[in-house]
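Remarks on the structure that follows.
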Amino acid sequence: PTYVAADGWIGLRDGLTLVALDTRITPALAAEGMARDIIRQVQELRKSSGLEMEDRIALYLASDAAPLAEAIREHGNAIADETLATLSHQPLAGDAHTAAVKIDGQALTITLKKVSL
């Protein structure tokens, strides 16, 4: 028999084994991917700022792009946990490090600074 995958699916067959994969990117998957990219960018800024991976930081994320802002709202706790950060809803003052990056083509400003415990 011949198998035809529906739109958004790919199928692979090896002998008696048939595997079908859904390749569509849902809004939830896209937001999760953006969050992972934000985490990577925060860790890059941390490194380039001379901070250690175990340093606790205050973190401010700003974007005018609605999908990116929504991803930050949805995954803020995971971003904070993975980066050892406390998310700030206000811009950080003082001795802060800032980077302007693109996440899925959308502008994001990352600002972080080390905090004392």
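The values are calculated or read from the model by the stated rules, or taken from the named source; none is laboratory data. What you see is a predicted model; the values in this text were computed from it and never measured. All Cβ positions, glycine included, derive from the backbone under ideal geometry; neighbour counts span all protein chains shown. The accessibility values were calculated without ligands, DNA or RNA, using every heavy atom of the protein model including side chains. Shrake-Rupley method; radii C 1.70, N 1.55, O 1.52, S 1.80 Å.
Could you count how many residues in segment 83-112 are among the charged types (D, E, K, R) and either under 17 Å from the mean Cα position of the chain (by Cα) or closer than 22 Å to ARG73 by Cβ (or both)?
Counting residues in segment 83-112 that are among the charged types (D, E, K, R) and either under 17 Å from the mean Cα position of the chain (by Cα) or closer than 22 Å to ARG73 by Cβ (or both) gives 2.
Take the residues in segment 46-87 that are in contact (Cβ under 8 Å) with a residue 40 or more places away in the chain and among the charged types (D, E, K, R), then tell me which one is surrounded by the fewest Cβ atoms within 10 Å (Cβ to Cβ).
Going through the qualifying residues, I end up with ASP64.
All but one of (1) under 22 Å from LEU92 (Cα atoms); (2) out of contact with any helix residue (DSSP H, G or I) (no Cβ under 6 Å at 6 or more places or on another chain) hold for VAL42; which doesn't?
If we test VAL42 against (1) under 22 Å from LEU92 (Cα atoms); (2) out of contact with any helix residue (DSSP H, G or I) (no Cβ under 6 Å at 6 or more places or on another chain), just (2) comes out false.
Of GLN43, GLN90, which residue is touching a residue at least 40 places away in the same chain (Cβ under 8 Å) and open to solvent by 30 Å² or more (accessible area, probe 1.4 Å)?
So the residue among GLN43, GLN90 that is touching a residue at least 40 places away in the same chain (Cβ under 8 Å) and open to solvent by 30 Å² or more (accessible area, probe 1.4 Å) is GLN43.
Considering (1) within 20 Å of the chain's Cα centre (by Cα); (2) modelled with pLDDT under 95, say which one ILE57 fails and leave the rest.
Condition (2) is where ILE57 drops out.
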